[in-house]
Amino acid sequence: MKKLAIGLFVVAVLIGFYAFNIYNKMVTANEGVDGQWAQVETQYQRRFDLIPNLVSSVKGAMSQEEKVFGDIAEARTRYSGAASPEEKVQAANQVESAIGRLLVIMENYPELKSLDTVQSLMVQLEGTENRVAVERKRYNDVVQSFNTMIKKVPAKLFASLFGFEERTYFASVEGAENAPTVSFE
């Protein structure tokens, strides 16, 4: 009887150590996801800081495309008011759509491309877009790692016990693969 009690105690201690270990791994992975999302937001903020300068420069050279400028301002406002990563992704996608339309407009106005300020801002925006893409990929990589961890048995049992839930991947909005169209009618 004594050996059985000692055996059960040893098994309970081992399960306890395993639970602590898996819990700590899940906390670390969850924090990694949050940290990587912060990197995505940092690049979004850089983008949002550049956009008003680009819009102002372009506005000075043309005034008939006010809708695009309004769409960009609205999307920035939506992003600022977004509470969850999912809402921020939607707002960021709205910004990307408006920027795409702005770029198409700029292609149709060669005199804009020759302005040094616009050129400089476009290069910075292009670099920022590349950084955003890299950070989104990194975010999805850490989300994949975290989600895989909490779905595997026996960690899955502990994940639900400790309240860890699957994280959402960054995904583009439907139709993002289509180039924006701009009509000058």
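The values are calculated or read from the model by the stated rules, or taken from the named source; none is laboratory data. This structure is a prediction, so every number in the text was calculated from the model and none was measured. Backbone-built Cβ (ideal geometry, glycine too); neighbour counts: all protein chains shown.
So, in segment 118-147, how many residues would count as being small (Gly, Ala, Ser) and touching a helix residue (DSSP H, G or I) at 6+ places or on another chain (Cβ under 7 Å)? Explain how you work it out, then say what you get.
Keep residues of segment 118-147 that are small (Gly, Ala, Ser), which gives 120, 127, 133, 145.
Right, trim to touching a helix residue (DSSP H, G or I) at 6+ places or on another chain (Cβ under 7 Å) and you get 145.
Counting residues in segment 118-147 that are small (Gly, Ala, Ser) and touching a helix residue (DSSP H, G or I) at 6+ places or on another chain (Cβ under 7 Å) gives 1.
Being of a type in the set (D, E, K, R), over 19 Å from ASN53 (Cα atoms) and modelled with pLDDT under 75: is that true of GLU111 here? Steps first, please.
Values: of a type in the set (D, E, K, R): yes; over 19 Å from ASN53 (Cα atoms): no; modelled with pLDDT under 75: yes.
Here the answer is no, as GLU111 does not meet what is asked.
Restricted to segment 156-166, and to residues there that are among the small types (Gly, Ala, Ser) and at pLDDT 90 or above, the residue that is nearest to ILE15 (Cα to Cα) is ALA159. The residue that is farthest from TYR139 (Cα to Cα), among those in segment 80-102 that are surrounded by 15 or more Cβ atoms within 10 Å (Cβ to Cβ) and of a type in the set (A, V, I, L, M), is LEU102. Run THR117 past the list (1) of a type outside the set (A, V, I, L, M, F, W, C); (2) part of a loop (DSSP other than H, G, I, E, B); (3) at pLDDT below 70 and report the number of the one that doesn't hold. All conditions pass for THR117, except number (2).
Return the only residue of VAL182, VAL143 being in contact with a Lys or Arg (Cβ under 8 Å, 6 or more places away or on another chain), at pLDDT below 80 and more than 23 Å from ASP49 (Cα to Cα). Reasoning before the result, please.
On the way: VAL143 fails: at pLDDT below 80.
The conditions single out VAL182.
For LYS3, the requirement of being part of a helix (DSSP H, G or I), loosely packed, with under 14 Cβ neighbours inside 10 Å and modelled with pLDDT under 80 is not met.
The residues listed here are THR77, THR42, THR128; of these, the one that is part of a helix (DSSP H, G or I), modelled with pLDDT of 80 or more and surrounded by 15 or more Cβ atoms within 10 Å (Cβ to Cβ) is THR128.
Candidates are the residues of segment 147-165 that are under 19 Å from ASP34 (Cβ atoms) and assigned to a loop (DSSP other than H, G, I, E, B); the one that is nearest to the chain's Cα centre (by Cα) is GLU165. Applying the criterion of being within 13 Å of the chain's Cα centre (by Cα) and small (Gly, Ala, Ser) to the residues of segment 21-49, the residue that is farthest from PRO154 (Cα to Cα) is ALA38.
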